[in-house]
Amino acid sequence: MRTDLEMAAAEPGAAAESAYDALVARNDRIHRLAHLGAIAGWDQAALMPPAGNEARAAALAELAGLLHRMATEPALGLEIERAGREPLDAVQRANLREMRHAWLRETALPASLVERQRLAASRCEHAWRSQRPANDWAGFLENFRPLLALAREEAERLADRTGLARYDALMDRYEPGMTSAEVDRVFGELRQWLPGLIREVVARQAARDADDPPVDPVGPFAIDRQRALCEQLMGRLGFDFEAGRLDVSTHPFCGGVPEDVRLTTRFSADDFLGALMGTVHETGHARYEQNLPRAWLGQPIGQARSMAIHESQSLAFEMQLGGHPGFAALLAPLLSEAFGAQPAFEPERLHRRLTRVQRGLIRVDADEVTYPAHVILRYEIERALIEGEVQAEDIPALWDAKMQELLGLDTRGNYRDGPLQDVHWPEGLFGYFPCYTLGAMYAAQWFAAIRRTLPDLDARIARGDLAPVFDWLCEHVWSQGSRWTTEELTRRASGEPLNPAHLRAHLQQRYLG
């Protein structure tokens with residue numbers, strides 16, 4: 001049977017279509033089908049009744065298989081080769097570069113593996129939702145073992161095709177061009193000074209609190225008011241509600257497509273800050289998606305550059321802005337309006353709470369000083385898992401040891417707040433975790449660059465003027481899509497490659513300066 005591309009080329013009297021144009025048309029089709037998959041995946045996490053999971057998992061697996069077959073059709077490889085010989089401009093060549101990279105990865109994986117992975121991930125994630133609150137590690141292992149086996153198979157196939165190490169081959173899915181050797185270098189640097197910084201900051205804040213005890217907000221905080229507050233703050237941060245919405249899920253995320261961005265958060269009547277700052281984090285992701293170049297929509301070049309760059313946007317919002325005194329001043333009246341005035345909502349006290357550093361068990365609740373320790377822990381475990389150095393059964397003991405080493409916390413027997421707390425492993429997202437702390441490094445580097453351009457940036461933020469930040473990010477990151485490699489994008493935006501010294505300088509200035 002001839003492919004669509006071959007039939008089009010053989011049609012009598014048909015105008016000769018360039019190979020590049022044929023590739024563009026095919027990517028447009030893939031984008032539209034992926035759009036449906038993204039919304040179905042959001043619905044599965046946010047609204048779908050529990051009894052629908054098996055059918056939804058099968059449907060999404062079928063769609064994943066279809067998309068994989070479309071992306072790996074043999075004729076596409078020929079078209080990519082032909083397009084490389086055509087007279088393309090710089091933007092088209094960048095798009096072709098991304099197509100070639102995707103082709104190389106996709107053709108390394110058989111459709112049967114892709115479908116089995118999607119089905120296994122859906123089952124594991126769905127079961128995890130009830131296993132986590134039940135602290136059921138043994139039950140989780142039943143679904144996780146086969147998912148891990150499939151991830152290892154994927155890593156081996158990709159490594160054979162790309163020449164990368166197995167873990168690097170999975171990380172390349174999220175962070176093209178990054179290697180575990182580079183992650184080891186920057187994380188190794190971080191390991192040298194982070195524990196000492198944590199101790200010093202915790203001691204300084206404890207001394208301050210002894211002289212001037214903190215005032216905690218008094219709840220409960222009605223969920224409907226929390227949701228309205230989250231949406232109000234999203235509007236202040238520039239989110240376009242004509243092209244997206246906020247919902248609830250077990251684990252907060254941002255999904256969908258640039259034309260229809262879906263955010264989720266999770267609420268607790270006892271704590272409004274978890275939902276609020278989680279929403280701020282996801283709004284950073286969402287604004288990146290909503291401001292990707294529409295002229296390139298549907299093409300690889302129109303997609304976000306990498307997940308570390310994506311995380312740099314969410315952390316630019318949640319940490320860089322969220323920990324700024326000007327953000328607390330902006331937020332304070334909104335809190336008083338939503339929940340009634342109280343001493344904890346005074347800007348100075350609120351800022352102290354937003355920048356409080358505490359060693360804790362939960363990554364998504366961690367402050368920006370202790371957060372990298374959570375990421376290092378997960379990276380070291382999952383890399384060993386994929387490389388076959390440890391097994392799924394070894395995770396709890398490794399977790400306990402590393403949590404004690406990095407943060408001095410005892411997690412023995414607490415699987416709910418230990419290895420079951422994140423959705424990444426239940427969904428088979430191995431290779432993602434390094435992106436969080438790489439993203440924090442990029443975010444600090446972006447703000448260092450903005451301050452060089454705008455020396456009065458902090459004064460403007462203090463006045464509630466966040467536009468300079470958004471304008472800079474839009475010009476240098478959002479509007480660029482995948483026009484450049486990550487390294488080139490970073491150089492063009494900030495004048496240098498990734499430099500972890502900016503994160504250290506930021507944390508020292510904010511917490512010890």
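The values are calculated or read from the model by the stated rules, or taken from the named source; none is laboratory data. Being a predicted model, the structure only gives us computed values, none of them experimental. Glycine also receives a Cβ, built like all others from the backbone with ideal geometry; neighbour counts cover every protein chain displayed. Side chains included, ligands, DNA and RNA excluded: accessible areas come from the protein's heavy atoms. Shrake-Rupley method; radii C 1.70, N 1.55, O 1.52, S 1.80 Å.
Can you name the residue in segment 177-204 that is aliphatic (A, V, I, L, M) and surrounded by fewer than 13 Cβ atoms within 10 Å (Cβ to Cβ) and is also farthest from Met403 (Cα to Cα) among such residues? Ranking the qualifying residues of segment 177-204, first place goes to Ala181. Annotation: of all residues in segment 431-461 being assigned to a loop (DSSP other than H, G, I, E, B) and in contact (Cβ under 8 Å) with a residue 40 or more places away in the chain, the one that is farthest from Arg510 (Cα to Cα) is Gly431. Figure legend. Inter-residue proximity from segment 63-76: first residues under 10 Å from Trp103 (Cα atoms), second residues of a type in the set (D, E, K, R), beta-carbon distance below 6 Å, spacing 6+ or different chains. Indicated pairs: Ala71/Glu106; Thr72/Glu106.
Which is modelled with pLDDT of 95 or more and within 23 Å of the chain's Cα centre (by Cα), of Leu150, Leu96, Leu141, Leu47?
Numbers: Leu96 fails: within 23 Å of the chain's Cα centre (by Cα); Leu141 fails: within 23 Å of the chain's Cα centre (by Cα); Leu47 fails: modelled with pLDDT of 95 or more.
Unique residue meeting the criteria: Leu150.
Inspection of segment 430-452 finds a residue satisfying the criterion of being closer than 30 Å to Arg145 by Cα, open to solvent by 10 Å² or more (accessible area, probe 1.4 Å) and of a type outside the set (Val, Ile, Thr).
Restrict the check to segment 159-173 and report whether at least one residue is under 20 Å from the mean Cα position of the chain (by Cα) and outside any helix (DSSP H, G or I). Lay out the reasoning, then the answer.
Going through segment 159-173, the residues under 20 Å from the mean Cα position of the chain (by Cα) turn out to be 167-173.
Applying the additional criterion that residues be outside any helix (DSSP H, G or I) yields 172-173.
Yes, segment 159-173 contains a residue that is under 20 Å from the mean Cα position of the chain (by Cα) and outside any helix (DSSP H, G or I).
Candidates Asp209, Asp216, Asp168, Asp224: the one that is of a type outside the set (Lys, Arg) and either touching a Pro at 6+ places or on another chain (Cβ under 8 Å) or closer than 24 Å to Ile309 by Cα (or both) is Asp168.
For Phe241, the requirement of being more than 20 Å from Ala366 (Cβ to Cβ), of a type outside the set (D, E, K, R) and out of contact with any Lys or Arg (no Cβ under 8 Å at 6 or more places or on another chain) is met.
Could you check segment 334-350 and list, in sequence order, the residues that are in contact with a helix residue (DSSP H, G or I) (Cβ under 8 Å, 6 or more places away or on another chain), part of a helix (DSSP H, G or I) and not hydrophobic (A, V, I, L, M, F, W, C)? So that I can check it myself, show each step before the final result.
Step one: filter segment 334-350 for residues in contact with a helix residue (DSSP H, G or I) (Cβ under 8 Å, 6 or more places away or on another chain), giving 334-336, 338-339, 342-350.
Subsequent filtering for residues that are part of a helix (DSSP H, G or I) retains 334-336, 338-339, 343-345, 347-350.
If the condition is that a residue be in contact with a helix residue (DSSP H, G or I) (Cβ under 8 Å, 6 or more places away or on another chain), part of a helix (DSSP H, G or I) and not hydrophobic (A, V, I, L, M, F, W, C), then Ser336, Pro343, Pro347, Glu348, Arg349 are the ones that fit.
Could you check segment 455-488 and list, in sequence order, the residues that are among the hydrophobic types (A, V, I, L, M, F, W, C), closer than 27 Å to Val369 by Cβ and surrounded by 14 or more Cβ atoms within 10 Å (Cβ to Cβ)?
Start the filter on segment 455-488 by keeping residues that are among the hydrophobic types (A, V, I, L, M, F, W, C), which leaves 457, 459, 461-462, 466-467, 469-470, 472-474, 477-478, 484.
Next, from what is left, pick out any that are closer than 27 Å to Val369 by Cβ: 457, 459, 461-462, 466, 469-470, 472-473, 477.
Matches in segment 455-488: Leu457, Ile461, Ala462, Leu466, Val469, Phe470, Trp472, Leu473, Val477.
The condition (being assigned to a helix (DSSP H, G or I) and more than 23 Å from the chain's Cα centre (by Cα)) is satisfied by just one residue among Glu405, Glu380: Glu405. For segment 489-513, the set of residues classified as closer than 12 Å to Phe447 by Cβ and surrounded by fewer than 20 Cβ atoms within 10 Å (Cβ to Cβ) consists of Ala505, Gln509, Arg510, listed by residue number. Checking each residue in segment 25-69 for being of a type in the set (Lys, Arg) and either closer than 20 Å to Ile301 by Cα or surrounded by fewer than 16 Cβ atoms within 10 Å (Cβ to Cβ) (or both) picks out Arg26, Arg29, Arg32, Arg69.
Here Gly464 meets each of (1) part of a helix (DSSP H, G or I); (2) modelled with pLDDT under 95 with one exception, condition (1). Candidates in segment 276-294 are the residues that are small (Gly, Ala, Ser) and at pLDDT 95 or above; of these, the one that is farthest from Asp365 (Cα to Cα) is Ala286. Checked against the criteria, Gly428 does not count as closer than 27 Å to Asp240 by Cα and outside any helix (DSSP H, G or I). Could you identify the single residue in Val375, Val357 that is crowded, with 17+ Cβ neighbours inside 10 Å, of a type outside the set (Gly, Ala, Ser) and not in a helix (DSSP H, G or I)? That would be Val357, the only listed residue that is crowded, with 17+ Cβ neighbours inside 10 Å, of a type outside the set (Gly, Ala, Ser) and not in a helix (DSSP H, G or I).
Applying a threshold of 7 Å to beta carbon distances and a minimum spacing of six or more residues, or different chains, the list of pairs starting in segment 388-410 at a residue that is within 17 Å of Arg145 (Cα to Cα) and ending at one that is aromatic (Phe, Trp, Tyr) reads Ala392/Phe144; Pro396/Trp137; Pro396/Tyr415. Filtering segment 409-429 down to residues that are under 24 Å from Glu318 (Cα atoms) and open to solvent by 20 Å² or more (accessible area, probe 1.4 Å), which residue is farthest from the chain's Cα centre (by Cα)? Only one residue fits best here, namely Asp417.
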